[in-house]
Each structure stands twice: as structure tokens, then as C-alpha cells.
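The values are calculated or read from the model by the stated rules, or taken from the named source; none is laboratory data. Nothing here was measured: the structure is a model prediction, and the numbers come from that model. All Cβ positions, even for glycine, are placed from backbone atoms using ideal geometry, and neighbour counts span all protein chains on display.
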């Protein structure tokens, strides 16, 4: 990921796994958190080897566009995959990208020192509210962009977002 095209999506994971020759076991902290999240939403995996839910939120009056400039945008992404989950935040020309696989780690950079604040996935609302409070922001949960390969999952994901 280069600073000019930062866009955490499922594509980076698929590319990395293809290069490394496989997927992560379902016994990691990240995969267990993702499975617990999926179950708590009462969403069923329809037999997919790899499922994903990608959420992007901005602060404006319009839904966030798919493409963006992280040096100018203010956004928060939550990426939840069968193998892991992560959070990406950009604001004021800085950005942080944290992934949780077998442990939480910085993926590329962490300008906001989010690594020290990343909770378990089922408590991610604390991180979201902390970012909003610390940077005097309000992410538009109602205008979130949601991309998923799980059938009929969007209403449950939107309902979850409203509670964050």
C-alpha cells in the first residue's frame, strides 16, 4: 500500500495470502473475533471459504466514495474477514492501519498510535468513540458504505453500526 492509494479492502489480504500460499487458521485472535462478531449479528456463512464485511465511514453529508486521498480525507474503515479484522483511520494528512490476526499489529503505519488502543472486535465501539472524541469528529454511521459477500447481511451490519 502506498500513501497515495491507501484503500484497505479485502484485496490486500487476498493478494498477500496468494503470495504466501494460503490462509490463516481459524484459531487466531482475529479469526475468533470475526467469527464471534458474525455470530452476534446472527449472520450465517453460506459455506464461503472466506467471507468479508468492509465498512467505510466519513464525516460528510454524503456517503464516502470508494476512492479517496488519505492526505485530505477523514474516514474510518472497519474490515472484518473470516481470517482477521482491522481498522484504518485517516485525518489531517495522517493515517493509521491496524490489523488483528494472531495479534494486533501496525500494517504500514500508525500515525495516531491506535495500536495501543485497539480493543477486541466486540468492543470496537470504544475505539470509534475515542477517535471521535480525540479528534472532535462524528462518523456518519447512517451513510456508511458496506461491501460484503454475505447474502442479506447489510441490514444487520447497519443496525450494528447504529449502536456503535
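Is there a residue in segment 18-33 that is closer than 18 Å to residue 119 by Cβ, touching a helix residue (DSSP H, G or I) at 6+ places or on another chain (Cβ under 6 Å) and either crowded, with 20+ Cβ neighbours inside 10 Å or modelled with pLDDT of 85 or more (or both)? Looking for residues that are closer than 18 Å to residue 119 by Cβ, touching a helix residue (DSSP H, G or I) at 6+ places or on another chain (Cβ under 6 Å) and either crowded, with 20+ Cβ neighbours inside 10 Å or modelled with pLDDT of 85 or more (or both), one finds at least one in segment 18-33, hence yes. Against the condition at pLDDT 80 or above, over 18 Å from residue 119 (Cα atoms) and within 17 Å of the chain's Cα centre (by Cα), how does residue 70 come out, does it pass? It is true that residue 70 is at pLDDT 80 or above, over 18 Å from residue 119 (Cα atoms) and within 17 Å of the chain's Cα centre (by Cα).
Among the residues making up segment 128-150, those that are within 30 Å of residue 46 (Cα to Cα) and touching a residue at least 24 places away in the same chain (Cβ under 8 Å) are 128, 140, 141, 143, 144, 145, 146, 147, 148, 149, 150. Please verify whether residue 40 is modelled with pLDDT of 90 or more and either more than 19 Å from residue 148 (Cα to Cα) or out of contact with any strand residue (DSSP E or B) (no Cβ under 9 Å at 6 or more places or on another chain) (or both), treating the condition exactly as stated. When the stated conditions are applied, residue 40 passes them.
One line per residue, one yes/no per condition, for (1) surrounded by 18 or more Cβ atoms within 10 Å (Cβ to Cβ); (2) out of contact with any helix residue (DSSP H, G or I) (no Cβ under 7 Å at 6 or more places or on another chain):
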residue: 60; (1), (2): no, yes
residue: 69; (1), (2): no, yes
residue: 83; (1), (2): yes, no
residue: 108; (1), (2): no, yes
residue: 157; (1), (2): yes, yes
